[in-house]
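For reference, the structure discussed in these notes is given below.
The values are calculated or read from the model by the stated rules, or taken from the named source; none is laboratory data. Remember, predicted model here, so these are calculated numbers, not experimental data. Counting neighbours? That spans all protein chains shown, and the Cβs are built from the backbone with ideal geometry, glycine included. Only protein heavy atoms, including side chains, enter the accessible area calculation; ligands, DNA and RNA are left aside. Shrake-Rupley method; radii C 1.70, N 1.55, O 1.52, S 1.80 Å.
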Amino acid sequence: MSANESPAGRPPTATYDSPFLKACRREPVPHTPVWFMRQAGRSLPEYRKVRQGIPMLESCTRPELVTEITLQPVRRHNVDAAIYYSDIVVPLKAIGVDLDIKPGVGPVVENPIRTRADLAQLRDLTPEDVPYVTEAIGLLTAELGATPLIGFAGAPFTLASYLVEGGPSRTYENAKAMMYGDPELWADLLDRLAEITAAFLKVQIEAGASAVQLFDSWAGALSPADYRRSVMPASAKVFDAVAGYGVPRIHFGVGTGELLGLMSEAGADVMGVDWRVPLDEAVRRVGPGKALQGNFDPTALFAGPEVVEAKAREVLDSAAGLEGHVFNLGHGVMPATDPEALTRLVEYVHTQTAR
């Protein structure tokens, strides 16, 4: 255990009073904290340089490389938190699922899960399956000091979508066919994925992550009734499994404006909001007792400094009066984004919200 860590159940002492963790706990902050989803990666030339010739999934298993990539945006942008460099399919690969991340396509699964027999692909995940995660987070917490590290994982529904479809999908016809046509198999699949996801988050927290985020990237494809019946129990199981650690739990999905209230019920402390719903409306849908994260439209970063500042002002005004607000994009940093635009945005938010 390093000097930056405390036993499970108590937050890491070096990061406890950071603006990011204070905002997650809905406490007063010296300025609105900022971090960006996908800040560690594609938009940075230094990232492309160190990743050159190294496949995505291999890069996630090299602790020193993971450490460097995770630290790059913290050094460059002065963000208030680091996000662990990994991918949502890493735990699936670690337990032996035959998959790869194909450039320009995304995760592709060799043998999609379509029958009960296919569930045999999904064994339990143990810390011994991902020793590189424990090692990398140990290196990172030593380097980051008082800057929190956010761990993350893919939510059961999003992982199930990849596993059943065999890769990315816009319609999720196979996943939804299973959800509607064989609800028992679907429930067993999501329950098993909840256990794997919870185990993966526990490894990250026990290694020193100060917060965790559950990405349900594709939940926006669901109706509220389908989400409540067929997805929420598995997500709630993940959040319940890590509740005892006392670290903030963030929940985020894309196009989930109609689901914000239900996703909040699943158990997160902080709800991520994309750009489709203003924060003042999001707080009404989410209800009291939760911090909000978001929700700058990432495409606005291409429109020039004056527009970026104006759009950031809109987000900050919409967040006025919130008990806790973490400034973020409404989705991830796009590969062609000018890194300087991100650096200026962090400085603008910090300056405008200094108290």
Taking amide H atoms as placed 1.01 Å from N in the peptide plane, list the residues 5 or more away in sequence, or in a different chain, whose amide H sits under 5 Å from that of K102.
V108
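Could you work out how much longer the chain between E58 and R229 gets when fully extended? Use 0.36 nm per residue separation minus the Cα distance between them, nm to one decimal. Please report the intermediate quantities before stating the final value.
On the way: separation 171, 0.36 × 171 = 61.56 nm, distance 3.65 nm.
Result for the pair: 57.9 nm of gain on full extension.
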Kirkwood estimate for segment 297-355, i.e. one over the average of 1/r between Cα atoms, Å
12.0
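From the Cα gyration tensor of the chain, with a ≥ b ≥ c the square roots of its eigenvalues, which class applies: rounded if a/c is under 1.5, or else prolate if a/b is larger than b/c, or else oblate?
rounded
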Helical contribution to [θ] at 222 nm, DSSP H n ≥ 4, -39,500 (n - 2.57), averaged over the chain, rounded to 500
-13000 deg cm²/dmol
Once neighbouring chains are kept in place and the probe is 1.4 Å, which whole percent of the accessible area of the chain is contributed by carbon and sulfur?
51
What's the FRET efficiency of E135 with R114 using the Cβ-Cβ distance as r and R₀ = 30 Å, to the nearest 0.05?
0.25
Could you provide, to the nearest whole Å², the per residue accessible area of the chain with probe 1.4 Å?
40
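Looking at segment 107-199, what % of the alpha carbon pairs are farther apart than 18 Å?
So the portion of pairs separated by more than 18 Å is 53 percent.
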Determine the distance separating the Cα centre of segment 30-59 from the Cα centre of segment 191-216; give it in Å without decimals.
20
Candidates A303, A219, A234; GNM for the chain (alpha-carbon contacts under 10 Å) flags as most fluctuating A303
Dimensionless Rg/Rh of segment 99-151 - Kirkwood Rh, Rg from C-alpha atoms
1.15
Whole percent per 10 Å bin, from 0 to the bin with the longest distance: what is P(r) over all C-alpha pairs of segment 120-265?
11, 40, 32, 14, 2, 0
Given the candidates S264, V346, I95, the one whose Cα lies deepest towards the positive end of the charge dipole of the chain, counting +1 at each Lys or Arg C-beta and -1 at each Asp or Glu C-beta, is V346
I'd like the per residue volume of the convex hull spanned by the Cα atoms of segment 136-190, given in cubic angstrom.
113
What order, most packed first, do the peptides 283-293, 208-218 have when packing is the mean number of other Cβ atoms within 10 Å of each residue?
208-218, 283-293
Can you run the Rg to Rh ratio on segment 25-66? Use alpha carbon positions and the Kirkwood inverse-distance Rh.
1.18
Mind listing the long-range amide H neighbours of Q213? Cut-off is under 5 Å, sequence gap 5 or more, other chains count too, H placed in the peptide plane at 1.01 Å from N.
G151, F152, A153, I250
